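These notes are about the structure you will find just below.
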Amino acid sequence: MSKIGRTNLDLQEQAEELGFESVQEALDNGYTAVYFREGDVRLMDNTDRELLKAHDAWVAKKNSIVDQLTMLLHDTPYEEYKRIIKETIDFIREGEV
């Protein structure tokens, strides 16, 4: 099956799970087909898109904080500070599981 055919089938299945008879009906009711880098396509409404934006912003902030902590880890001469900073970085990254 072609990639376009597989995508269409995936969207149709999602539309049916949402209670619509077709992808077009879902689109007519405010849903949007959102393409992700991984090649995934999902039907999302406004709330889903806003949650996704908020999550992306949170991930960016988390990564920035980890980067700053890593900089401190390399700059501090104190072993106890290094241990605490490393433990903090590991704890933040555990949330990724």
Inset, instruction - Among the residues of the range 58-83, count how many are under 17 Å from residue 95 (Cα atoms) and without any contact (Cβ under 8 Å) to a residue 12 or more places away in the chain. - result: 7
Legend entry - Residue satisfying all of: in the range 40-79; assigned to a loop (DSSP other than H, G, I, E, B) and at pLDDT 90 or above; surrounded by the fewest Cβ atoms within 10 Å (Cβ to Cβ) among these: 77
Legend entry - Residues of the range 80-97 satisfying the condition of being surrounded by 11 or more Cβ atoms within 10 Å (Cβ to Cβ) and more than 22 Å from the chain's Cα centre (by Cα): 81, 82, 83, 84, 85, 86, 88
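Filter the range 1-39 for residues that are in a loop (DSSP other than H, G, I, E, B), at pLDDT 85 or above and of a type outside the set (Gly, Ala, Ser); which is nearest to the chain's Cα centre (by Cα)?
Among them, the one singled out is 31.
The values are calculated or read from the model by the stated rules, or taken from the named source; none is laboratory data. The structure displayed is predicted, hence computed values, not measured ones. When we count neighbours, we look across all protein chains shown, and the Cβ atoms used for this are built from the backbone with ideal geometry, even at glycine.
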